[in-house]
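Notes follow once the structure below has been shown.
Just so it is clear, none of the values below were taken in a lab; they were calculated from the coordinates. Everything numeric here is computed off the predicted structure, so don't read it as measured data. Don't worry about glycine lacking a Cβ; one is built from the backbone with ideal geometry, like all the others, and counts go over all protein chains shown.
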Amino acid sequence: MEKRYNVLFLCTGNSVRSIMAEAILNGKENRFFRAYSAGSHPSGRVRAEALARIEDAGMSAEGLRSKSWDEFARPGAPQMDFVFTVCDNAAGEVCPVWPGQPITAHWGVPDPAAVNGSPEEIERAFRDVFLTLNRRISLFVSLPLATLGQLAIKKEIDRIGRQ
């Protein structure tokens with residue numbers, strides 16, 4: 001039986017970037033991954049612009065909600081194989097740290113919710129983040145995980161995060 005990997009995308013508010021990443025990975029035609037998202041300080045709501053991007057890409061937004069990473073630290077929670085932080089250190093955000101043994105990487109992207117400007121500029125910011133996450137996740141799911149050691153996997157996902 002082939003392994004199924006659980007992936008957790010973390011951000012501070014769990015309202016845009018980590019939500020998009022969860023939807024993108026779960027929207028990919030794969031049987032090897034199950035994505036989740038959470039935040040260290042969840043906002044309690046998913047931004048409408050993020051939901052629009054997800055639905056425009058033909059992916060399901062059903063069940064997406066802003067939640068605390070505490071849900072994944074409780075007994076009975078799925079055990080994570082990968083944890084990706086998607087918050088933006090460059091913007092001065094404090095990224096959550098996930099304890100434990102999963103393979104971790106930082107895939108920082110700017111927060112489109114912080115963009116001030118015209119409706120077109122705001123839409124472009126959300127689109128750019130969605131496209132960046134989609135590209136990284138597509139590269140991630142194409143990795144031959146079964147044939148790579150843990151160190152090689154870590155090196156590859158770090159490389160993907162720099163793209």
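A few remarks follow.
- Cα-based reach from LYS67 at 13 Å (exclusive), listing aspartates and glutamates while leaving out same-chain residues under 8 positions away: GLU22
- Chymotrypsin sites (Phe, Trp or Tyr not before Pro) within region 3-66, DSSP loop, no more than 15 other Cβ atoms inside 10 Å: PHE32
- Helical mean residue ellipticity (222 nm; -39500 (n - 2.57) per DSSP H run of 4+; nearest 500) of the chain: -11000 deg cm²/dmol
- Neighbour cut-off at most 16 other Cβ (10 Å), DSSP loop, GluC sites (Glu not before Pro), region 1-61: GLU2, GLU29
- Scattering from the chain was approximated by placing one identical point on each alpha carbon and applying the Debye formula without solvent; log10 I(q)/I(0) at 0.10, 0.18, 0.20 1/Å stands at -0.33, -1.13, -1.41.
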